[in-house]
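First the structure, in the form of structure tokens, and then the observations on it.
The values are calculated or read from the model by the stated rules, or taken from the named source; none is laboratory data. The structure displayed is predicted, hence computed values, not measured ones. Note that we place each Cβ from the backbone using ideal geometry, even for glycine, and neighbour counts take in every protein chain shown. Protein only, heavy atoms only, side chains kept; ligands, DNA and RNA dropped before computing areas. Shrake-Rupley method; radii C 1.70, N 1.55, O 1.52, S 1.80 Å.
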Amino acid sequence: QVQLVESGGGLVQPGGSLRLSCAASGSIFKIYAMYWYRQAPGKQRELVATITSGGVTNYADSVKGRFTISRDNAKNTVLLQMNSLKPEDTAVYYCNANVQPRAVDPVWSYWGQGTQVTVSS
């Protein structure tokens with residue numbers, strides 16, 4: 001079984017910064033793309049940032065230039081550095097990863113439990 005555990009959320013003032021971390025553990029042969037999503041109250045979950053196994057990144061227009069996604073393949077970890085935070089960034093942030101648990105397995109999508117980010121003065 002594979003688990004994803006997020007950390008680093010909290011309350012921050014507008015203009016501030018937070019760094020989210022997501023660590024994958026369990027039976028892992030290979031991790032492919034990793035993602036950060038967010039879901040604000042009353043809204044659909046949206047894709048925030050993507051990073052491939054080779055380090056290619058992509059961002060939602062709403063966070064370009066403010067958020068940076070990175071990964072440490074040796075530690076099976078993905079990070080999201082969030083700068084210049086705005087009240088509209090308030091949401092529960094979820095980590096998602098495409099993981100092959102064993103060499104004989106297909107690739108499955110796994111989700112973390114989410115971490116709350118609140119941007120407010």
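Screening the range 68-121 for residues that are free of Cβ contacts under 8 Å to residues at least 24 places away in the same chain and not polar (S, T, N, Q) and picking the one that is nearest to E46 (Cα to Cα) gives D72. The number of residues in the range 46-69 that are surrounded by 15 or more Cβ atoms within 10 Å (Cβ to Cβ) and either under 19 Å from G114 (Cβ atoms) or under 11 Å from the mean Cα position of the chain (by Cα) (or both) comes to 9. Of everything in the range 18-41 that's in a loop (DSSP other than H, G, I, E, B) and modelled with pLDDT of 95 or more, which residue is nearest to the chain's Cα centre (by Cα)? Checked the range 18-41; the qualifying residue nearest to the chain's Cα centre (by Cα) is A40.
Which of the residues spanning the range 90-112 are open to solvent by 20 Å² or more (accessible area, probe 1.4 Å) and either within 11 Å of the chain's Cα centre (by Cα) or aliphatic (A, V, I, L, M) (or both)? Hits for the range 90-112 are V92, Y94, A103, V104, V107, W111.
If you go through the range 101-121 and keep only what is in a strand (DSSP E or B) and closer than 19 Å to V5 by Cβ, you end up with W108, S109, Y110, W111, T115, Q116, V117. As for the range 77-89, it holds no residue that is among the acidic types (D, E), open to solvent by less than 70 Å² (accessible area, probe 1.4 Å) and in a strand (DSSP E or B).
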